[in-house]
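The values are calculated or read from the model by the stated rules, or taken from the named source; none is laboratory data. Because the structure is predicted, anything quoted here is derived from the model rather than measured. Using ideal geometry, Cβ is built from the backbone for each residue, glycine included, and neighbour counts are taken over all protein chains shown. Ligands, DNA and RNA are stripped out before the accessible areas are found, and what is left, the full protein with its side chains, is counted by its heavy atoms. Shrake-Rupley method; radii C 1.70, N 1.55, O 1.52, S 1.80 Å.
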Amino acid sequence: MIKNRKYIIGIGILIILIVGYFIADSILFSGVKPRSINENGFQANYFVKTDTKKKVSIVLIGGGPWGDYWGQQFANSGYSGLSLPYTQREGLPKLPEEINLEYFEKALAWLKKQPEVDPNKIIVIGASRNAELALVLASIFPESISGVVAYAPSAVSWSNTVLPYNSNELKSSWKYKGVDIPYVPMNKITGNESNKIKMVEYWKKGLQKTDFIEQAAIKVEKINGPILLFSGHDDQVWPSSIMADMIEKRLEANSFKYSFQNIKYENAGHLISSNPDDNTSYRTGTINISGKNYEYEFGGNDDGDFKAKRDAKTKLMEFLEKI
């Protein structure tokens, strides 16, 4: 009898704790919890409020913590956000090479059918190589994508061999309908006797391959909507400001009919797409080349990066309001 009473009391306490947890969670958590998607041929986290109807939707290319942060920010602002990874998950490619763009086509088709989404107002956002991919996607799927925001963008598509952990065999990074998206072929980055690598010099040499630059140039003039570019003048990872200017020149040469902004920040580096509320300093990164770790600079300084991130968020939200 006593044992039964203790058992009942224990169960009661457990129920109270569980109920209390969910009550506290609902009170303390003011964000939008994502819906995990693993169907229709793609994987993603979908952020949206229950009362959102026919609004702008933003696809965050690459997903992960970065995509989840921004997805929640957009949902809180009355939009929807699809944080969309495409590598390094079970069922997805391990390496970012020969990525089939049909994967993103399926995600866009699914998103257009959601009641919270205006199918004519889908935007893609990416940073660094994911900015490259965002611009490529918008140029290939103009009927599904109505604008692009690219942080630290590229003006061209690059080969798979730009990353030291990718395959040694030269391949395209992106494919559509079995055909390679034209790319600038690159030798793998190599190490040296020091413990530091100047990443930006590697990419600048790639931009000197004029025979390949034109064919690998992203056809940004085909994008069916406004374009917003952010870059740091002191980007030490790759020459994003130079490539942003290349995009601008191509758009001007092709009489691009939509609005275009090429915003460049002084004293800012490569990480201006990160959380604008976080002023944590990330001045260097680490890359492993042939078993040896090397340090590289992101560029910019603490104050420059923080100001750039905050200003970029304001301009991003203004951009979305006009879609």
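Quick notes
- Label-to-label distance, THR286 versus GLN114, with points set 7 angstrom from Cα along the beta-carbon direction: 3.6 nm.
- Selected from SER36, SER83, SER290 as most flexible by GNM, with the chain as the system and alpha-carbon contacts under 10 Å: SER290
- Proximal charge balance of ASP303 [Cβ under 15 Å; K/R count +1, D/E count -1]: -2
- DSSP-defined beta bridges in the stretch 177-323 - what % are antiparallel, rounded to 5: 45
- Spatially, the stretch 97-135 and the stretch 266-281 are offset by 25 Å when compared through their Cα centroids.
- Sparse-neighbour loop sites [trypsin sites (Lys or Arg not before Pro); the stretch 228-304; at most 16 other C-beta within 10 Å; DSSP]: LYS257, ARG283
- Sequentially through the stretch 229-245, phi angles give Karplus couplings (6.51, -1.76, 1.60; θ = phi - 60°) of 10, 10, 8, x, 4, 9, 4, 9, 8, 8, x, 5, 5, 4, 6, 4, 5 Hz, Gly and Pro residues having no value and appearing as x.
- For TRP174, nonlocal amide neighbours, meaning residues 5 or more places apart or on other chains whose placed amide H falls under 5 Å from its own, are GLU98, ILE99, ILE181.
- Amide hydrogen neighbours beyond the local backbone of SER128, cut-off 5 Å, H modeled: TYR151, ALA152
- Using a Gaussian network model of the chain in which every pair of alpha carbons under 10 angstrom is joined by a spring, one finds that among TRP158, TRP66, TRP110 the greatest mean-square fluctuation is at TRP110.
- Fluctuation leader among ASP51, ASP278, ASP118 - the chain, Gaussian network, Cα springs under 10 angstrom: ASP51
- The chain: antiparallel DSSP beta bridges as a percent of all, rounded to 5: 40
- Here is the list for the stretch 76-125: GluC sites (Glu not before Pro) lying in DSSP coil, each with at most 12 other C-beta atoms within 10 angstrom of its C-beta, are GLU90.
- Solvent-accessible area, 1.4 Å probe, carbon plus sulfur percent, for the chain: 52
- Taking every DSSP beta bridge that has both ends in the stretch 206-293, the antiparallel portion is near 25%.
- Under 13 Å, Cβ to Cβ, from GLU221 - net charge with Lys/Arg +1 and Asp/Glu -1: +3
- Angle of helix 2-28 to the longest C-alpha principal axis of the chain, folded into 0 to 90 degrees and rounded to 10: 40°.
- For the chain: accessible area per residue (Å², 1.4 Å): 50
- The gain in end-to-end length when the ASP211 to LYS106 segment is fully stretched comes to 34.4 nm, 0.36 nm per residue minus the alpha carbon separation.
- Folded to 0 to 90 degrees: helix 64-76 orientation relative to the chain principal axis, Cα: 70
- Checking every one of the GluC sites (Glu not before Pro) in the stretch 198-280 against DSSP loop status and a limit of 13 other Cβ atoms within 10 Å picks out GLU266.
- Accessible surface, 1.4 Å probe, highest first, among residues THR210, THR161: THR210, THR161
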